[in-house]
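Asks: First, the structure itself, so that you have it in front of you.
The values are calculated or read from the model by the stated rules, or taken from the named source; none is laboratory data. Note that the structure is predicted; figures quoted are calculated from it, not measured. As a convention, Cβ positions derive from the backbone with ideal geometry for all residues, glycine included, and neighbour counts pool all protein chains shown. Protein only, heavy atoms only, side chains kept; ligands, DNA and RNA dropped before computing areas. Shrake-Rupley method; radii C 1.70, N 1.55, O 1.52, S 1.80 Å.
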Amino acid sequence: MGEGILVYDIIKYLKPSLDDKKATLYTVVLALYPLHWFFTFLYYTDVASLTVVLAMYLMCLKKNYLSSALFGAFAVLVRQTNIIWVLFVACTGVLDLIQAKQKHDENRLSDPKDGQVTSSSGVYISSNLKRRKSDNTNDTASHSVRGTSLLSNPDRSSGLFSEIWSILLTSWHLKWELLVSFSPFFALFVAFVAFIVWNGSIVLGAKEAHTVSPHFAQLLYYALVSCCFMAPMHFSTNQASNLARSFRKNRLLGCFLWFLAMIGSFLSVHYFSIAHPYLLADNRHYPFYLWRKIINAHWSTKYLLVPLYVYSWTSILTMLANTQKKVWVLIYFVASAAVLIPTPLIEFRYYTIPFFILVLHCHVTNDRMLVIPFARKDEMLVCDEMVNFESRKMGLV
């Protein structure tokens, strides 16, 4: 219940123009995400981990950084790998703060009264000294605006390196404000590093069963599984045509990136595809059968899946880039890789947090695209009734 409220609040904060019924639909669909719903009734840390990470993210969106860091500390206590999502939330918080500062500076520069100062009685006064001070302030703000105009510009055609450069410039001008605002996250990170030094590993408990391994194929599995759960959005003629148009805009760069992605995926599958002893011995989990019947059914099967892996990541990154800045998409990819690659066991519950973040930041124009992966057509009426019921319960209708 608490997790559903968090999801609803995050959706309303990220998409304020979304009406209450659609926001409730998002919430219900994510709450009924099959893997997460299943583990809700088992003794695992996944549900608690997701709940605390969502609370941390919501507090950061509201710019309550101290509370966000406290939730982050609790998230790390629940699961040590959540330190990656703490860093992800901190980075997105920095991006939001930089963009808010840039918009404030732009509005101040566009104010026709920027050369005047208001007295305590509300009467505008002017002096040479104050005018010179105002001019100096505006010069600094103008430089900040030039450095960050790419961040608030709705045009998504700006390059990744241009965005990174603008962030570095603005971060330097806001260094003290950023240091003070995000010092709780920094303190948490330092404490975590101290814990690793003291413990000798990130793992608590059976360290031999949770060794860190370079399982690059895990990142590929996550992309395909996520796209399968969001099949109407990724495996559709509309999405394929969008990707084709994006590819044709810059064929040379597109061919180069696709070539690198294919080579990297083939190498990951060939050299870094790990079969954990638990995967081979435990037939109570779906990955056991997926590994035996699909991935390892024939020596060539794992290689034949590589184009699907590349397409899945291309579709995910393109969809996120339509609503988020390129730097944000890069941070999401790096965070997902940092969480998934060191885990040698193929376990879909490890995908829960990156999947929730992915869905929360995707723009869905058709409600059926959300419902179809989780329900057959004859169950659509049931989902509509659930939405209406949840809306009435929350007092939204």
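Asks: If each residue of separation counts as 0.36 nm, what is the full-extension length gain between Leu304 and Ala321 once their alpha-carbon separation is subtracted?
Replies: Roughly 3.4 nm would be gained on extension.
Asks: Another question, then. Taking Cα pairs under 8 Å and at least six residues apart, what relative contact order does the range 211-366 come out at, in percent? Walk me through the numbers before you get to the answer.
Replies: Values: 132 pairs, mean separation 67.7, N = 156.
Answer for the range 211-366 is 43 percent.
Asks: Also, quick follow-up: For the full complex of protein chains and a 1.4 angstrom probe, list His298, His276, His363, His285 by accessible area with the highest value first. Display every interim value, and only then the final one.
Replies: On the way: His298 95, His276 20, His363 115, His285 55 Å².
Order by accessible area, largest first: His363, His298, His285, His276.
Asks: Follow-up question, since we're still on this one. How big is D for the range 211-366, in µm² s⁻¹ as a whole number, if Stokes-Einstein is applied with the Kirkwood radius of its Cα pairs at 4 °C and 1.567 mPa s?
Replies: Values: Rh = 16.4 Å.
Here the translational diffusion coefficient equals 79 µm²/s.
Asks: Also, quick follow-up: If you count, for each residue, the other Cβ atoms within 10 Å and average over each peptide, how do 259-269, 193-203, 348-358, 304-314 line up from highest to lowest?
Replies: Ranked from most to least packed, the peptides come out as 348-358, 304-314, 259-269, 193-203.
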